[in-house]
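Chemist: Would you mind keeping the following structure in view while I ask a few things?
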Amino acid sequence: MHLIAFRIQNYKKIRDTDWVLCENLTVMVGKNEAGKSCLFRGLSKLNPSDGEKYDGLKEFPRSRYTKEFQLQDWPVATGRFALSEEERKHLSDLAPSLNEVKEVEFTRHYSWSLSTFFKDFSESPIKVEELRSEFAKAIKQIEQLTAPEGKGEQLTALKKEASGSLQRVLSSLPASGDVTKDQAVSALSAINTSLSEEWQKNIFRPILEILQPLASRAETNEKHQAAKNWAVGLLPKFVYFANYDMLESAIHIPGFLTSLQQVQKQPKQRVTLCLFKHVGLDLQDMLRLSSQNPGQGFKEEVRRRLDELSIKSNSASIAMTAGFRDWWEQREHRFRYDFQGEYFRIWVSDDIDASDVELDQRSTGLQYFFSFYLVFLVEAGEAHKNCILLLDEPGLHLHGTAQLKVVQFLRKISKGSNQVLYSTHSPFMIDANHLESARAVFEGDDGTTKVSADVWPRDKDSLFPLQAALGYNLVQSLFLSKKQVIVEGITDFWLLKALDQAMSVKGKMRLRQDLTLVPSAGLSKLLPLASMLIGHEVEVAALLDGDEPARKEGKKLVEKLLAGQDRKCLFIGDFLDNKAGEVEDIFPEDEYLKAVREAYPGVDLDFDKAEKKLPGVVDKIKGLFERKNIGPFEKWKPAAVLRDSISANPDKVSDFTCDILQKINEAIDSLFSSTASTPSSSARTDAPLKTTAS
C-alpha cells in the first residue's frame, strides 16, 4: 500500500488543503508559520506511531470552534493509497465485486472514527428505511396470495408464518442507519425454509424476488466490510518527528520517571522512552539496583540482575551500531550504552577517532538522526519497513553542504520500503533536479494554509527557497567540465558557439572537445566566477575583449588567481589589427553592419568622419546612435541575427573570420596542452564544443 495523495481539513490554520500528490520523497517548502508543521502533525494522526489522538479543543480551528465544532464529526486527515498487484488480488478474493479497485481512501475524524472508501467503486448499503419499504411491499403481496384448489389451509398458515417473520425483523430494526446482513437475510431464510413443495415456491416467487436482492446486497456489503477491515490492517503507520526531539546523552532515571507523571509531556520524553524500549530495560528495576548500598555483601541475585542490565545494554549498543551504519554514511559510528547507578549514558566513537564522546557533544546532525532513527525503530515496531516518515525541518542546524547530504540520505530511504515527506525552508534541502517532488506551502489571502505542486506562491519569502535551489543547481552545472574558458557575456557566448559549429563545416580547427565556454555576465563577475571554478578544481582560462576595462580585469585575474600565468588570459584584440577589438570585430565590418540593419530596421548607418576614425565597429555604431539620439545600442540584437545566420548557413562564414578564429583556437589549445594530451586539429573538426550559459 503506497500513499499517492493526502488531504488535511479543519486542523489548526488549515481549512482544506485539497488533494496533495505524493512521491516516494516529497518536500513541503514554505516559510516559518506557513503551516508545514500542522500539516504533518495533522497527517500523522491518520495512523500515528505514537498513538496520539486529535484534541478538538486545541486542534480544531480556533475561530470556528464555538459555532461549528459540535455541529458534526469533522474529518481531518484523508490518505489515498494505491494497492499493489498482490493486494489487489487478495482484495478481489475477499470481495469479487471489488476486482477493479486500485486505490483505497482512509479518513480520520476528530472522534477518532476511521472511514474507509474504495475509490471508483459505488457502494450500496441497505438503509433501514429501504428495508421497511421493501418488507411492507412483501407483506402486502403476501396478503393478496391465493391458493390452488385444496391448498387453502396450508397457504393461510404459510402466509401467517411469512408475514410474522417479516414483522419480527421490522420490530427489531433501529430508527435509522444501515441494515446488517442478518436483518436482511433472516426473513428470507425463514420463508425459504418453510416452502417445501413446488406449488408453494411458485406462489411465493414474487415475494422472494423482492427479498432476494436485499439479501444478496447484504451479503456483498458484508464482504465489503471484511475487505475494509483487511485494508485498515494494511494502513501504514506515520512516524512524525520534529527537530527538537533529540535525546540527551546522560539520563537521570529518577528525574525522568518523575517527569512522566506530569500532565504536560515534554518532547524529549518520547525519544527517551523509545531508548529504554529499544534496550529492553525496566526503569523501576534499574532504580532498585541503583539503591543497593555499599557494604551489604555479595548477593547473587543483585549480581545477576546487574549482568542482565549490562548484557541488554551491550546487545542494544551492537544492534544500534549495525543498523545506524546503513542510515548515516558520513562515518562509521559505534554506540555504547552504559548504566551508571541512577544514570543511563550514551557514548559515541567512530572509525577516525576511537575515543568515547558523549552523544550531546557530537554534531547536531548526528544527534538528530540518532534520535530520529531510534523513534523510527521503536514506534514503528515490526511494521517499520512500511511506515511513512514525516520529518519536520530535518537538518535544520546543519551546514548547507551537510543538508545536501541529508537529502541524498532521505532519497536513499525513500527508494526502499519507506515513503518520506519532509518540510524545509532551506534551499539546500531542495533537490532542484526533482522539483516535481516539491510542494509549496503558503498562506492564502484568508490566512489559511495552502499547498500547491504547480502554482508557486507569489510572496518572496515563500518563493525564495525554490528560487535559490534552482540557482544553486544551475551553478553546480558549471563544475561538470574541468577545463573552462570564460568569456565576457552572453553575446560573446552566442557568437563563439555558432562560429565553432561553422568551423567544423569549413574544415577548420575547432576548440578542443574537453573545453566548456562560460559567460561571466560582465567583467565585474569575472574574478568571483573564476575563483569559484578554481575552488572546484576547474582549470580556467579567459578570452576577453581587447579594450582597457577588459585588460585591467584580465590582469587582476592573472595576478590574483592564475599565479602569474599570463598565457591563461587571452585578448581578442591581440589577434586583430585593432588591439582594443571585441568579438564583433572578428567579422568583416560590412557583414556586421548588415546584421545591425536587420536588427534595427530603418536606422541609416551613415557614419560621420569622427565615427569612421574609431577602430572598432561597435564604437562606431554607439557613436552614431548617440549622435542621432536613437537610444542605447544593444549588442545582443545584431548578435542574435548573426548567430541565427551562421547556424542556418555555416558554410557562408567568411574566410576572414575563420582565419582569425583559427588563431584564437590554436592559442586557447596551447593554454591547456601542458595538462592533458591535445587531440589533433583534424580530429577535432567535428567534435562538439561543450557550452554552459549562466
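Chemist: Would you work out the charge dipole size for the chain about its Cα centre, treating the Cβ of every Lys and Arg as +1 and the Cβ of every Asp and Glu as -1, and quote it to the nearest 20 debye?
Modeler: Working: 91 positive and 99 negative charges, 180 e Å.
For the chain, the charge dipole is close to 860 debye.
Chemist: Please find the FRET efficiency linking Glu85 to Glu209, where r is the Cβ-Cβ separation and R0 is fixed at 30 Å, and quote it to the nearest 0.05. Don't jump to the answer; show the numbers that get you there.
Modeler: Details: r = 39 Å, r/R0 = 1.30.
The calculated FRET efficiency here is 0.15.
Chemist: Give me a comma-separated list of calculated 3J(HN,Hα) values for the range 352-366, in order, Karplus coefficients 6.51, -1.76, 1.60 applied at θ = phi - 60°, integers in Hz, x for any Gly or Pro.
Modeler: For the range 352-366, the Karplus-derived couplings read 8, 10, 7, 5, 6, 10, 4, 4, 6, 9, 8, 4, 4, x, 5 Hz, x marking Gly and Pro.
Chemist: Using the 2.2 N^0.38 Å rule of thumb for compact globular proteins, work out how the chain stacks up: its C-alpha Rg over that value, please. Write down the numbers at each step before the final one.
Modeler: Values: Rg = 39.1 Å, N = 694, 2.2 N^0.38 = 26.4 Å.
In units of the 2.2 N^0.38 Å rule of thumb, it is 1.48.
Chemist: Once you put a point 7 Å from the Cα of Ala147 and another 7 Å from the Cα of Asp350, both along the Cβ direction, what distance in nm separates them?
Modeler: 9.5
Chemist: With an 8 Å Cα cut-off and a minimum separation of 6 or more residues, compute the relative contact order for the chain in percent.
Modeler: Values: 1070 pairs, mean separation 93.2, N = 694.
RCO, the chain: 13 percent.
Chemist: Ignoring any ligand, DNA or RNA, what whole percent of the accessible area of the range 502-606 comes from carbon and sulfur when the probe is 1.4 angstrom? Present the calculation step by step, with values, prior to reporting the outcome.
Modeler: Numbers: 2400 of 4740 Å².
Of all accessible area on the range 502-606, carbon and sulfur atoms account for 51 percent.
Chemist: Given a 1.4 Å probe, how much area per residue of the chain is accessible, in Å²? Can you show the working numbers first?
Modeler: Values: 34140 Å² over 694 residues.
Here the per-residue accessible area is 49 Å².
Chemist: Report the full-extension gain for the segment Gln513 to Trp199: residue separation times 0.36 nm, less the Cα-Cα distance, to one decimal in nm. Mind dumping the intermediate values first?
Modeler: Details: separation 314, 0.36 × 314 = 113.04 nm, distance 9.62 nm.
Between Gln513 and Trp199, full extension yields 103.4 nm more.
Chemist: Express in nm, to one decimal, how much length is gained between Asn99 and Gln501 on full extension, taking 0.36 nm for each residue of separation and deducting their alpha carbon distance.
Modeler: On the way: separation 402, 0.36 × 402 = 144.72 nm, distance 5.88 nm.
So the extension gain works out to 138.8 nm.
Chemist: For Arg15, which sequence-distant residues (separation of 5 or more, or a different chain) have an amide H within less than 5 Å of its own amide H, given hydrogens modelled in the peptide plane?
Modeler: Asn10, Thr449
Chemist: Let me ask something else about it. Can you tell me the FRET efficiency between Ser531 and Arg64 if r is taken as the Cβ-Cβ distance and R0 is 56 Å, rounded to the nearest 0.05? Walk me through the intermediate numbers first.
Modeler: Values: r = 56 Å, r/R0 = 1.00.
About 0.50, to the nearest 0.05.
Chemist: Shifting gears a bit: Please list, in order along the range 133-140, the HN-Hα scalar couplings obtained from phi with the Karplus expression 6.51 cos²θ - 1.76 cosθ + 1.60 (θ = phi - 60°), rounded to whole Hz, x for Gly and Pro.
Modeler: After applying 6.51 cos²θ - 1.76 cosθ + 1.60, I find 5, 5, 5, 5, 4, 5, 4, 5 Hz.
Chemist: Still on this structure: What residues have an amide H closer than 5 Å to that of Asp350, excluding those fewer than 5 places away on the same chain, when H is modeled at 1.01 Å from N in the peptide plane?
Modeler: Close amide H contacts, sequence-distant or interchain: Arg334, Ser355.
Chemist: Against the longest principal axis of the chain, how steep is helix 198-234, in degrees 0 to 90 to the nearest 10, with axes from Cα atoms?
Modeler: With both axes taken from Cα atoms, the answer is about 50 degrees.
Chemist: Further question: Could you calculate the FRET efficiency of Gln72 with Asn386 from 1/(1 + (r/R0)^6), where r is the beta carbon distance between them and R0 is 45 Å, rounded to 0.05? Before the final figure, lay out the partial values.
Modeler: Numbers: r = 32 Å, r/R0 = 0.72.
For Gln72 and Asn386, the calculated efficiency is 0.90.
Chemist: Shifting gears a bit: What is the sum of charges, Lys and Arg at +1 and Asp and Glu at -1, for the other residues whose Cβ falls under 10 Å from the Cβ of Gly546? Write out the running numbers ahead of the final one.
Modeler: Numbers: positive: Arg551, Lys579; negative: Asp545, Asp547, Glu548, Asp574, Glu582, Asp585.
Neighbourhood net charge equals -4.
Chemist: I've got another one for you. To the nearest 10 degrees, how steeply does helix 589-599 sit against the main Cα axis of the chain, on a 0 to 90 scale?
Modeler: Roughly 40 degrees, rounded to the nearest 10.
Chemist: Name the long-range amide H neighbours of Gln419: under 5 Å, sequence gap of 5 or more, or other chain; modelled H, no Pro or chain starts.
Modeler: Distant-sequence amide H within range of Gln419: Leu389.
Chemist: Spelling out what I want: for every residue of the range 499-510, take phi, set θ = phi - 60°, compute 6.51 cos²θ - 1.76 cosθ + 1.60 (Karplus), and round to whole Hz; glycine and proline get x.
Modeler: Karplus values, whole Hz, x for Gly and Pro: 5, 5, 5, 5, 4, 5, 5, 7, x, 9, 6, 9.
Chemist: Right, something else. Run the numbers on the range 353-419 and let me know its relative contact order in percent, using alpha-carbon pairs under 8 Å that are six or more apart. Display every interim value, and only then the final one.
Modeler: Details: 31 pairs, mean separation 22.9, N = 67.
Value for the range 353-419: 34 percent.
Chemist: Between Asp55 and Glu548, what is the spin-label point distance in nm, taking each point 7 Å from the Cα along the Cα→C-beta axis?
Modeler: Rounded to a tenth, the inter-label distance reads 7.4 nm.
Chemist: Quick check on the chain: of the DSSP beta bridges with both residues there, what percent are antiparallel, nearest 5%? Could you put the intermediate results ahead of the total?
Modeler: Numbers: 40 of 73 bridges.
The answer is about 55 percent antiparallel.
The values are calculated or read from the model by the stated rules, or taken from the named source; none is laboratory data. This one's a predicted model, so the numbers in the text were calculated from it and none came from an experiment. Neighbour counts run over all protein chains shown; Cβ positions are idealised from the backbone, glycine included. Heads up: the accessible areas ignore ligands, DNA and RNA and are worked out on the full protein's heavy atoms, side chains in. Shrake-Rupley method; radii C 1.70, N 1.55, O 1.52, S 1.80 Å.
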